[in-house]
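Undergrad: My questions all concern the structure below.
Read-outs: derived from the displayed coordinates by stated rules, not from any lab. Fair warning: this is a prediction, and the values are worked out from it, not measured in the lab. Please note: Cβ atoms are built from the backbone with ideal geometry, for glycine as well, and neighbour counts cover all protein chains shown.
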Amino acid sequence: MSGAASASATRRAWARDPLLWALAALLLLIFGMAQLKPLFAALFPALERPVYAQDSFFGLTLSHLKIVGLSSGFAVLVGVAAGIFATRASGREFRPLIETVVAAGQTFPPVAVLAVAVPVVGFGEAPALIALALYGLLPVLQSTLAGIASVPPAANEAAEGLGLSPWQRLLQVELPLAAPVILAGVRTSVIINIGTAAIASTVGAKTLGLPIIVGLSGFNTAYVLQGAVLVGLLAVVTDLAFERMAQRLGRWQAAA
Amino acid sequence: MAWVKNRVLAVLVLAGLAAALGLSFLTQAPNRLAAGSGISLVQLVSDTGGQPIDAWLALLPALLLVGAIFMHPARSTQILVCLAATLLLTGLAGMAASHATRLAGQSGAIARTSLGGGFWLLAAFSWLAATDAMQRLAQKPIWRLLGVGVVIVPLGLLLGGGAFKDLSLLKEYANRQDVFNAALWQHVQIVLASLLPALLIGVPLGLASSRSRALRPPLFAVLNVIQTVPSIALFALLMAPLALLAASVPVLAQLGIKGIGLAPAVIALTLYALLPLARSTAAGLSQVPQPVIEAAQGMGLTARQVFWRVELPLALPVFLAGLRVATVQTIGMAVVAALIGAGGFGAIVFQGLLSGALDLVLLGVLPVVAMAVAVDALLKALALALEPNVND
Amino acid sequence: MIELQHVSKAFNGLTVIDDLILHIARGEFTVILGSSGSGKSTLLKMMNRLLEHDSGRILFAGDEIRSCRPEALRRRMGYAIQSVGLFPHWSVEKNIATVPTLLKWPSDRIHDRVTELMTLLQLDAKLYRKRYPHQLSGGQQQRVGVARALAGKPEVLLMDEPFGALDPVTRAALQLEIARIHKALGTTIVLVTHDIDEALSLATRIVLLDQGRIVQSGTPLQMLSAPANDFVTDFFGRGDVGIKLLGLQSVATRLRAGERAAGEPVLASSSLHDALSIFLSRRVDRLPVVDGDGHALGAIDFADLLDLRP
């Protein structure tokens, strides 16, 4: 293909990229919601204030991302470390216990963890951070265990036999091969956390769920809609981004 | 540390010790509104008010567990650990219950004894110790499931016998029994009303996608997007269209389909349940080995007979796993539905959150967890019971 | 090169290797032969400390193998296994470069070494360098596996049933390959197999194991013509011994130089077993013999197979 033709083909690929569209929509709505006032006023003529203005959507988004980011960061660090430990010879004894805790934990709805954290640490961001960190740990742990178990035993044996040290084996062979599965667990964990963080607005955390909660208690369906669309888009954009990451990470895999 | 034979138990015992010493075991307050003062386990044990049997019931098994750390991991040791942990769990609960009863006797019925963080953690660690011992004993998963239940049975008996009636949690229950029952009924209603349509739509969709390669990508792309959208957002997004729909078609409003309440909740939960059900149906059918199907066809079975007698039974275990996921997910998500007025245990949870009453929160959370655990265990047992038959 | 002195190992109370004494000399192609459960894989894995021996000493190039870190020991040995174990997330080039990278070779030396080995294993370097393992056939994967084992210029090559998972045609091709590499590079090779024909055709020395003990060790000819006991005779197949012996010697050893015969000639380098096959299929009792370039060398009689000449 000639230079010009391949350049326009690349541009066309970009134009069809769902991640870019979703991200564009999200950013437009975050910064431009106020511009849509006439639309909301038309849809809900009975409302005095059709656009949520008590906090800036940008500020709420940042706060939401901060809560999810901090808790997911913790969950990934601890979850992967615990998963690695449980798959080493020294940690094998603990594996059934860890699997029990993970299985038991996942029958709890995330809301329950949030609800129980409040009387312990009070209202605000703290219960959200704790609940999301603890609950987000479980899918990451589970997928780390599954990912490391999925590494072909032959690759492990060859790595050991060729002279890689246990650390080198972990970092150069096991983790890269387990990465796609681990990433899937992280993806699940983050998406769940985005939802739970929205619900955390009921306990005083400032997130994109706040317009929804305020709208529900004030019978302002416009607020509810605005909050819901933003939360939904945030989740979809994050999911698409993880999908893109998964494709990059799994390049060496045979086409399914 | 070669003399430590059971490192898992050692960790659990150390953690339990930290919880016992560092957190309050119970909190007691003169009435429901006053702030409680914590009572540590040490205080409780040393001040049993003339009923040392409680303390011994809890201390003796605890000592046995500590000793078991250094014992050789024989089958008898594991049985000992299991029994000791069960006794410990029951004993701790018993201590809490009798302290509550004593306090009620001294200060009257409005005094409140609540279970503190120390109790919950110690109970959890004892349960984990028992489960770990069970897993070392029993190889077959079915025994492990049953074994876990055995640990819970003594507690269940105590609960049924009314031993816990003076604990604040059960007092809360007693005070709000009608609200609790209404919430139970609503919650079950929501779950069933969502699962049934999801089964009716999701299973055929999964079936269709397993037969047609072209259907798979678009179907699962849509279902994945739905699954990604957080529950509160989906509930909220359905409100406006449903409200508009109810406004323009009055007969729907009369049927109870409005912007808030059951309608958006059930629709959203049905949509969420579609993915696990459709995916597990499709996955279950596609993992039936082709040679088995061909053999059946070769024997002269019609397509319908092949489906009902060969494919369905072989796909059942995978499908049941998906059903399990869908049900547990729905039970949990139904809690959030309370925010849009659908009722259920979520209403109790959020009420408790807003009034700062942990007991109310627990009154809402514990039944949900219990339901989820029960359904999870039931479906796991069902899947296990089916598997030996399938492999014949 | 490798010495095992009174080495024993037990698993769960069951003795797997029993007071073994073995010496593997430099440059030899040693095949450890035995049926399943004879301990042959265990024996190999004790040499590079993938398994630790319970008692006795194992020396590598004069040093106790426990005197250094296991990784350092293994980097001086090549290791190839039946399931190959290529790293799926690395290209062919990166797989082969595993040990040189560990040994911190400069990158251009690694690059050249990869090209050299791919050529040695008859893999088109340009075509396959950047390919990933899932894009290769089973035979190609094992070629890469062998190349990877040889990459660090190891002092000894350990192979655990490397060709067992391949189809017969590929297996034969790779057996020829490894024999060629042994002749060309002179690397000490220790290969574990249960395949008698593989052992007979590749080995300069066979070590026959049974229940963790060496029953007999010697050249293929010795194992066939002078078995130590009934076990050895039975193992190599009582009925087949004669035929197998023919496979070990070439036509050149029974050549009648200068004599003539009619018909299509047979190569002097081919085995007496192949010659027998030609005699029978053509129903003649005399064949002309030529060398690799086609020059007539002489003839061979059917009776020469029995070596009855005075």
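Undergrad: Peptides A:108-117, C:104-113, C:1-10, B:201-210: what's the order by average Cβ count within 10 Å, highest mean first? If you can, show how the numbers build up before the last one.
TA: On the way: A:108-117: 25.3, C:104-113: 12.7, C:1-10: 17.4, B:201-210: 20.2.
Those peptides, ordered most packed to least, come out A:108-117, B:201-210, C:1-10, C:104-113.
Undergrad: Just want the answer: with Cβ charges of +1 for Lys and Arg and -1 for Asp and Glu, which residue in C:Leu306, A:Leu20, A:Gly69 is farthest toward the dipole's positive end in the protein assembly as shown?
TA: Value computed over the given set: A:Leu20.
Undergrad: Same structure again: Treating only the Cβ atoms of Lys and Arg (+1) and Asp and Glu (-1) as charged, compute the dipole magnitude of the protein assembly as shown about its Cα centre; round to the nearest 20 debye.
TA: Details: 72 positive and 58 negative charges, 348 e Å.
So the dipole magnitude of the protein assembly as shown works out to roughly 1680 debye.
Undergrad: Still on this structure, please answer the following. Trypsin sites (Lys or Arg not before Pro) within the range C:275-305: which are DSSP loop residues with at most 10 other Cβ atoms inside 10 Å? Walk me through the intermediate numbers first.
TA: Working: sites: C:Arg282, C:Arg283, C:Arg286; in loops: C:Arg283.
For trypsin sites (Lys or Arg not before Pro) across the range C:275-305 that sit outside H, G, I, E and B with at most 10 neighbouring Cβ atoms in 10 Å, the list reads C:Arg283.
Undergrad: Let me ask something additional. What is the local net charge at B:Leu80, summed over the other residues whose Cβ is closer than 15 Å to its Cβ (Lys, Arg +1; Asp, Glu -1)?
TA: Combined, the nearby Lys, Arg, Asp and Glu give +2.
Undergrad: Quick check: the angle from helix B:216-228's long axis to the longest principal axis of chain B, C-alpha only, nearest 10 degrees?
TA: Compared with the principal axis, the helix lies near 30 degrees.
Undergrad: Over all residues in B:333-345, what is the mean tally of Cβ atoms on other chains that come within 10 Å of each residue's Cβ? Each step should come with its number before you reach the end.
TA: On the way: counts 4, 2, 6, 8, 0, 1, 8, 3, 1, 0, 0, 0, 2.
Counting Cβ atoms of other protein chains within 10 Å of each residue's Cβ and averaging gives 3.
Undergrad: Now, a different point. Rounded to the nearest 20 Debye, what is the dipole magnitude of the range C:1-117 about its Cα centre when Lys and Arg each give +1 and Asp and Glu each give -1 at the C-beta?
TA: Working: 15 positive and 13 negative charges, 52 e Å.
I would put it at about 260 debye.
Undergrad: Also, quick follow-up: Per residue of the range A:115-122, what does 6.51 cos²θ - 1.76 cosθ + 1.60 with θ = phi - 60° give for ³J(HN,Hα)? Whole Hz please, x for Gly and Pro, Karplus curve as stated.
TA: 4, 6, 6, 5, x, 7, 10, x
Undergrad: Here's something else I'd like to know. Place +1 on the Cβ of every Lys and Arg and -1 on the Cβ of every Asp and Glu in the protein assembly as shown, take the dipole about the Cα centre, and give the residue among A:Ala246, B:Leu378, C:Gln211 whose Cα lies farthest towards its positive end.
TA: A:Ala246
Undergrad: In whole angstrom, note down how far apart the Cα centers of the range C:255-310 and the range A:11-40 are.
TA: Spelled out, the Cα-based centre of one part sits 85 Å from the other.
Undergrad: Another one. So what are the ³J(HN,Hα) numbers for the range B:295-305, from phi and the Karplus equation (6.51, -1.76, 1.60; θ = phi - 60°), rounded to whole Hz, Gly and Pro as x?
TA: Ordered by residue, 3J(HN,Hα) equals 4, 4, 4, x, 7, x, 6, 6, 4, 5, 5 Hz.
Undergrad: Something else now. Longer than 30 Å from Cα to Cα, which of C:Lys45/C:Lys94; C:Lys94/C:Lys183; B:Lys5/B:Lys140; C:Lys153/C:Lys244; C:Lys126/C:Lys153; C:Lys126/C:Lys183 are they? Say none if no pair is.
TA: Values: C:Lys45/C:Lys94 25 Å; C:Lys94/C:Lys183 27 Å; B:Lys5/B:Lys140 24 Å; C:Lys153/C:Lys244 34 Å; C:Lys126/C:Lys153 22 Å; C:Lys126/C:Lys183 26 Å.
Exceeds cut-off: C:Lys153/C:Lys244.
Undergrad: Sort C:Lys130, C:Lys45, B:Lys5 so the one with the fewest other Cβ atoms within 10 Å of its own Cβ comes first.
TA: Numbers: C:Lys130 11, C:Lys45 22, B:Lys5 16.
Ranked by crowding around the Cβ, least crowded first: C:Lys130, B:Lys5, C:Lys45.
Undergrad: Could you work out the local net charge near C:Val144, counting Lys and Arg as +1, Asp and Glu as -1, over the other residues with Cβ closer than 13 Å to its Cβ?
TA: So the surrounding residues net to +3.
Undergrad: What does the helix-only formula give at 222 nm for the protein assembly as shown: each DSSP H stretch with n ≥ 4 adding -39500 (n - 2.57), the total divided by the residues, and the result rounded to the nearest 500 deg cm²/dmol?
TA: Working: 40 runs with 591 residues, N = 958.
Here the helix-only value at 222 nm equals -20000 deg cm²/dmol.
Undergrad: About the Cα centre of chain B, how large is the charge dipole given +1 on each Lys and Arg Cβ and -1 on each Asp and Glu Cβ? Please answer in debye to the nearest 20. Walk me through the numbers on the way to the answer.
TA: Numbers: 21 positive and 12 negative charges, 101 e Å.
The dipole magnitude comes to about 480 debye.
Undergrad: Could you let me know the centre-to-centre spacing of the range A:171-234 and the range C:35-66, using Cα atoms, in angstrom?
TA: Using only Cα atoms, the two centres lie 55 Å from each other.
Undergrad: Which of B:Phe235, B:Leu354, B:Ala295 sits closest to the plus end of the dipole of the range B:177-390, meaning its Cα is farthest towards the positive end, when Lys and Arg get +1 and Asp and Glu get -1 on the C-beta?
TA: B:Ala295
Undergrad: What residues have an amide H closer than 5 Å to that of C:Val156, excluding those fewer than 5 places away on the same chain, when H is modeled at 1.01 Å from N in the peptide plane?
TA: The list, which skips near neighbours in sequence, is C:Gly78.
Undergrad: Residues with beta-carbon under 13 Å from that of C:Tyr79, excluding C:Tyr79: net charge, scoring Lys, Arg +1 and Asp, Glu -1? The partial results should precede the final answer.
TA: Details: positive: C:Lys45, C:Arg49, C:Arg74, C:Arg75, C:Arg76, C:Arg148; negative: A:Glu157, A:Glu160, C:Glu71, C:Glu155, C:Asp160, C:Glu161.
Every neighbour counted, the sum reads 0.
Undergrad: While we're looking at this one, here's another question. If you take each beta carbon of peptide A:113-122 and count the beta carbons of other chains within 10 angstrom, what is the mean?
TA: Working: counts 1, 4, 14, 9, 1, 6, 11, 2, 0, 1.
Shielding by partners across A:113-122 averages 5.
Undergrad: Is there a simple number for the mean count of other chain Cβ atoms within 10 Å of the Cβ of residues in B:5-18, and what is it?
TA: On the way: counts 0, 1, 4, 6, 2, 0, 3, 1, 0, 0, 0, 0, 0, 0.
Other-chain Cβ atoms within 10 Å of each residue's Cβ, averaged: 1.
Undergrad: Can I ask one more? Could you work out the percent of alpha carbon pairs in the range C:249-306 separated by over 17 Å, rounded to a whole number?
TA: Details: 364 of 1653 pairs.
That tail contains 22 percent of the Cα-Cα pairs.
Undergrad: Next question, about the same structure. Could you order the peptides B:184-193, B:276-285 from most to least packed, using the average number of other C-beta atoms within 10 Å per residue? If you can, show how the numbers build up before the last one.
TA: On the way: B:184-193: 18.5, B:276-285: 23.7.
The most tightly packed comes first, giving B:276-285, B:184-193.
Undergrad: Could you sort the peptides B:350-359, B:34-43 by per-residue average Cβ neighbour count (10 Å cutoff), highest mean leading? Mind dumping the intermediate values first?
TA: Numbers: B:350-359: 18.5, B:34-43: 14.7.
So the peptides B:350-359, B:34-43, ranked by packing, come out B:350-359, B:34-43.
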